[in-house]
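I have placed the structure first, in the form of structure tokens, so that the comments after it can refer back to it.
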Amino acid sequence: MAESRIVLVDSDAVFRKNIKAMLTRLGYWVVGETGDGLGALKLVRSRQPDMLIIEAEVPGMSGLEVARIVHEDKLAPVVVLACSGAPGLLEKAKGARVAALLVKPVDEASLLPAVELALTNYQEIISLESQVKELKEALETRKLVEQAKGILMETIGITEAEAFKRMQRQSMNRRISMRQVAEAIILTQNLRV
């Protein structure tokens with residue numbers, strides 16, 4: 001995913017410079033960098049990167065806290081950089097929903113696969129979440145249409161097929177969705193009761 005936009009956060013300016021150089025060589029674009037957690041959050045919100053690479057322990061707000069917020073707000077995947085020997089870091093990273101964890105020192109051979117996999121997996125997750133949302137909405141619409149058909153069948157005394165045709169006709173004539181027609185029928189019935 002060359003041309004991907006990345007925000008880079010590490011308290012060590014020299015390390016940050018080295019990682020930025022690696023990312024640039026690999027075809028990524030570093031759109032912002034900082035050395036603290038609060039700055040990282042501001043950069044992610046303002047620059048809207050495709051990925052955040054952050055050190056686990058940065059001043060202000062820890063990298064894992066930032067990762068958790070970025071994940072919850074669905075802003076970007078997060079790759080966390082850590083010194084080896086941090087006790088319980090893996091479990092904390094899992095809890096923060098980190099896409100990848102890299103142990104310092106980092107080289108191009110480990111950076112590239114972590115970044116690529118994180119970007120690819122994140123896009124797949126976003127796509128699946130979107131599909132789930134669409135399916136839930138379709139199911140909810142179907143339930144409302146069935147309920148509205150039942151109301152029409154009961155109140156007017158028509159068949160299920162005729163109720164559906166009438167709703168479909170209203171949907172086309174008024175240029176509104178079947179869900180809106182169903183909601184109107186249900187609302188009208190509720191007002192009568």
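Filtering segment 77-84 for residues that are within 21 Å of residue 125 (Cβ to Cβ), touching a Gly at 6+ places or on another chain (Cβ under 7 Å) and either charged (D, E, K, R) or part of a strand (DSSP E or B) (or both) leaves a non-empty set. If I go through segment 85-136 residue by residue, how many of them are farther than 17 Å from residue 23 by Cα, of a type outside the set (S, T, N, Q) and part of a helix (DSSP H, G or I)? Final tally of qualifying residues: 18.
In segment 46-53 there is at least one residue that is surrounded by 20 or more Cβ atoms within 10 Å (Cβ to Cβ) and within 19 Å of residue 92 (Cβ to Cβ).
Here the condition is being in contact with a strand residue (DSSP E or B) (Cβ under 6 Å, 6 or more places away or on another chain) and without any contact (Cβ under 8 Å) to a residue 60 or more places away in the chain; of 177, 84, 130, 171, it holds for 84 alone. Only one of the listed residues (10, 107, 36, 73) is under 23 Å from residue 126 (Cβ atoms) and of a type in the set (Asp, Glu). That residue is 73.
In the condition set (1) over 20 Å from residue 113 (Cβ atoms); (2) part of a strand (DSSP E or B); (3) among the aliphatic types (A, V, I, L, M), residue 8 is compliant with all but (1). Output the residue which, of all residues in segment 151-193 that are closer than 23 Å to residue 138 by Cβ and of a type in the set (Ser, Thr, Tyr), is surrounded by the most Cβ atoms within 10 Å (Cβ to Cβ). Per the stated criteria, the residue is 171.
Within segment 55-76, the set of residues being assigned to a helix (DSSP H, G or I) and over 19 Å from residue 106 (Cβ atoms) comprises 65, 68, 69, 70, 71, 72.
Residues considered: 112, 139, 152, 102. Of these, the only one that is of a type outside the set (Val, Ile, Thr), within 30 Å of residue 88 (Cβ to Cβ) and outside the structural domain of residue 79 (by TED's automatic domain parsing) is 112. Residues that are of a type in the set (Val, Ile, Thr), more than 22 Å from the chain's Cα centre (by Cα) and on the phi < 0 side of the Ramachandran plot: does segment 103-124 have at least one? Checked segment 103-124: at least one residue is of a type in the set (Val, Ile, Thr), more than 22 Å from the chain's Cα centre (by Cα) and on the phi < 0 side of the Ramachandran plot.
Applying the set (1) under 27 Å from residue 3 (Cβ atoms); (2) of a type in the set (A, V, I, L, M); (3) surrounded by 18 or more Cβ atoms within 10 Å (Cβ to Cβ); (4) more than 17 Å from the chain's Cα centre (by Cα) to residue 98 leaves exactly one unmet item: (4).
Each residue in segment 93-146 was checked for being among the β-branched types (Val, Ile, Thr) and under 30 Å from residue 184 (Cα atoms), and 3 of them qualify.
Scan segment 33-62 residue by residue and report those that are under 22 Å from the mean Cα position of the chain (by Cα) and at positive phi. If the condition is that a residue be under 22 Å from the mean Cα position of the chain (by Cα) and at positive phi, then 48 is the only one that fits.
The values are calculated or read from the model by the stated rules, or taken from the named source; none is laboratory data. It should be emphasised that the depicted structure is a prediction, and the values quoted were computed from it without experimental measurement. With ideal geometry, Cβ positions are generated from the backbone for all residues, glycine too; neighbour counts draw on all protein chains shown.
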